[in-house]
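**Student:** Quick one: the structure is below, and I'll ask about it shortly.
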Amino acid sequence: MNLFDRPWNFNGLNRILKAPALLLVLIMVWPLQGKAGTQTIEVPMTLDYDMLDSLAVKAAFTGPQKKAVLLADKDGCRRISVSDPCFCESDGALILDMRIRVRYGISIGSFCLFPVSFDGYLVTRNEPVIDPET
C-alpha cells in the first residue's frame, strides 16, 4: 500500500486545532472592529529650485532669452510674453517670479489704436499638493 493511497483520519486533530484556530482568528479580527478613520499627515519634501527653473525653461520658456510668447497678433498690436522664470520658497509656498511684457490695442487694418504697454514682473504663490489621481 502506497503512502498516498492510505486513508488519513484527522478527526481528532481537527477538534484539537479548532479552538486555538478560532481564538487566533478572533485575536486578529478584534482590532479591526470599530470605525475606520482618516488622518492627514505631512511629509516634508525638498524641492531643488534650480532644477525647477531648468525644467520650466526646457518645457515652456523655449524662446530666445528664456522667453515664452503667450499671445501674439500677426500685426503686433496685441502681444503677451513672459521671460526669466525664477522659483523660490516663502513660508512653505512655491513662488514663481517672472518678467511679463504686455502690449494690447485695437487692431484696425494695419493700425494699432490705443495701444497700452506694460513691462513688469508677475509673482505667483502656489501651494504644492500631491494629486492622488496621478
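The values are calculated or read from the model by the stated rules, or taken from the named source; none is laboratory data. Owing to the predicted nature of the structure, the values given are computational and were not obtained by experimental measurement. Positions of Cβ are generated from backbone atoms using ideal geometry, with glycine treated the same way; all protein chains shown enter the neighbour counts.
**Student:** What number of residues in region 82-129 are in a loop (DSSP other than H, G, I, E, B) and either of a type in the set (D, E, K, R) or touching a Leu at 6+ places or on another chain (Cβ under 7 Å) (or both)?
**Tutor:** Count: 3.
**Student:** Residues in region 89-134 that are among the aliphatic types (A, V, I, L, M), at pLDDT 90 or above and under 16 Å from D53 (Cβ atoms): how many?
**Tutor:** Number of matching residues: 5.
**Student:** I need the full set of residues from region 68-109 which are more than 27 Å from T46 (Cα to Cα) and free of Cβ contacts under 8 Å to residues at least 12 places away in the same chain, in order please.
**Tutor:** Residues satisfying the conditions are L71, A72, K74, I108, G109.
**Student:** Something else: Could you list, in sequence order, the residues of region 38-76 that are farther than 22 Å from G105 by Cβ, acidic (D, E) and touching a strand residue (DSSP E or B) at 6+ places or on another chain (Cβ under 7 Å)?
**Tutor:** Listed by number, the list holds a single entry, D53.
**Student:** Let me ask something else. Sort out which residues of region 42-74 are within 20 Å of the chain's Cα centre (by Cα), surrounded by 12 or more Cβ atoms within 10 Å (Cβ to Cβ), not in a loop (DSSP other than H, G, I, E, B) and not charged (D, E, K, R), and write them in order of number.
**Tutor:** Once the filter is applied, which keeps residues that are within 20 Å of the chain's Cα centre (by Cα), surrounded by 12 or more Cβ atoms within 10 Å (Cβ to Cβ), not in a loop (DSSP other than H, G, I, E, B) and not charged (D, E, K, R), region 42-74 yields Y49, L52, S54, L55, A56, V57.
Rundown of residues vs (1) among the β-branched types (V, I, T); (2) surrounded by 10 or more Cβ atoms within 10 Å (Cβ to Cβ); (3) more than 26 Å from K58 (Cβ to Cβ); (4) within 17 Å of the chain's Cα centre (by Cα), yes/no style:
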position: G76; (1), (2), (3), (4): no, yes, yes, no
position: P85; (1), (2), (3), (4): no, yes, no, no
position: E89; (1), (2), (3), (4): no, yes, no, yes
position: I95; (1), (2), (3), (4): yes, yes, no, yes
position: I106; (1), (2), (3), (4): yes, yes, yes, no
position: G109; (1), (2), (3), (4): no, no, yes, no
position: G120; (1), (2), (3), (4): no, no, no, no
position: P132; (1), (2), (3), (4): no, no, yes, yes
